[in-house]
Amino acid sequence: KPEMALYRKWTEEWGFDDQAVLTACSETASASNPSFTYLNGILERLKNKGGGRGSLDVKQQLTQEEDEAAQVKQVLETLGVFSISAYPLLPAWRALKERFSPGMILLAAKSVRARSGAFENIEPKLLSWEEMGLTDEAQVLAHLKELKAYEPLLFKAFERAGLDARPGEQDLIRCKRWISDGHSGEMILEAAEQARSSRQKM
């Protein structure tokens, strides 16, 4: 009876035809525990997208989702995250792609990873670049290349301060500002030594 109730919902309430439901069934093959509940989730996701309800419509939407999920998976791997499904993140991914290129999104993922960043940290990073006038991949890469020059000094400062972490982009921007303000490398390293006992070392 529960399965019959779900089937009636898919066909009578949501408007999927029989062949569309069978087409969606193919997506359950990759699940560790394929079930009607899993299939219901797939069809509900497609319904919420507002696409067609026929078999061909479903197939096209599933193919598009697979392509998008592969791109999201690449972002997650760049973040160092391997245990999260890409599909729940598709709406957030689509929203990001409306404003930023996939390459920009990957660069942002790489940047926030230095501070154990999560997917939700990507958008603030992209917006901060936008505020800095960095609107394409070439500009971002040039910006990151410039900051890389401060890495050796900051690695030493982290070591002096007892910070067991890799310098992130914001750390490098801060180091660049210290140098611009006239502080020498020696002074920065001395300050790092003094900050060793502090909880907020930077």
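A few notes on this one:
- Filtered by the rule that a residue be within 14 Å of F155 (Cβ to Cβ) and either in contact with a His (Cβ under 7 Å, 6 or more places away or on another chain) or outside any helix (DSSP H, G or I) (or both), the stretch 172-200 gives no residues.
- For the stretch 130-154, residues that are open to solvent by less than 50 Å² (accessible area, probe 1.4 Å), among the charged types (D, E, K, R) and over 21 Å from M202 (Cβ atoms) total 0.
- Q19 open to solvent by 70 Å² or more (accessible area, probe 1.4 Å), polar (S, T, N, Q), in a helix (DSSP H, G or I) and touching a Ser or Thr at 6+ places or on another chain (Cβ under 6 Å): yes
- The single condition from (1) out of contact with any Asp or Glu (no Cβ under 6 Å at 6 or more places or on another chain); (2) at pLDDT 90 or above that Y38 fails is (2).
- Residues (in contact with a helix residue (DSSP H, G or I) (Cβ under 7 Å, 6 or more places away or on another chain) and either crowded, with 18+ Cβ neighbours inside 10 Å or without any contact (Cβ under 8 Å) to a residue 24 or more places away in the chain (or both)) located in the stretch 91-105: W93, L96, F100, M104, I105
- Qualifying residue in the stretch 60-80 (condition: at pLDDT 90 or above, open to solvent by 60 Å² or more (accessible area, probe 1.4 Å) and more than 30 Å from A108 (Cα to Cα)): no
- Residue satisfying all of: in the stretch 155-191; of a type in the set (F, W, Y) and surrounded by 15 or more Cβ atoms within 10 Å (Cβ to Cβ); nearest to G117 (Cα to Cα) among these: F158
- Taking every residue in the stretch 107-128 that is open to solvent by 30 Å² or more (accessible area, probe 1.4 Å) and pairing it with any residue that is assigned to a helix (DSSP H, G or I) and not hydrophobic (A, V, I, L, M, F, W, C), at least 6 positions away or on another chain, the pairs with Cβ-Cβ distances below 6 Å are K110/T78.
- Considering the stretch 25-40, the residues that are touching a helix residue (DSSP H, G or I) at 6+ places or on another chain (Cβ under 9 Å) and assigned to a loop (DSSP other than H, G, I, E, B) include one that is most open to solvent (accessible area, probe 1.4 Å), namely P34.
- When residues of the stretch 136-170 are limited to those that are touching a residue at least 40 places away in the same chain (Cβ under 8 Å) and of a type in the set (D, E, K, R), the one nearest to L126 (Cα to Cα): E169
- Some residue of the stretch 43-57 being over 27 Å from E123 (Cα atoms), in contact with a Ser or Thr (Cβ under 7 Å, 6 or more places away or on another chain), part of a loop (DSSP other than H, G, I, E, B) and open to solvent by 50 Å² or more (accessible area, probe 1.4 Å): no
The values are calculated or read from the model by the stated rules, or taken from the named source; none is laboratory data. Quantities reported herein were computed from a predicted structural model and do not represent experimental measurements. Because the Cβ atoms are built from the backbone with ideal geometry, glycine has one as well, and the counts that use them run over all protein chains shown. Heavy atoms of the whole protein, side chains included, go into the accessibility calculation; ligands, DNA and RNA do not. Shrake-Rupley method; radii C 1.70, N 1.55, O 1.52, S 1.80 Å.
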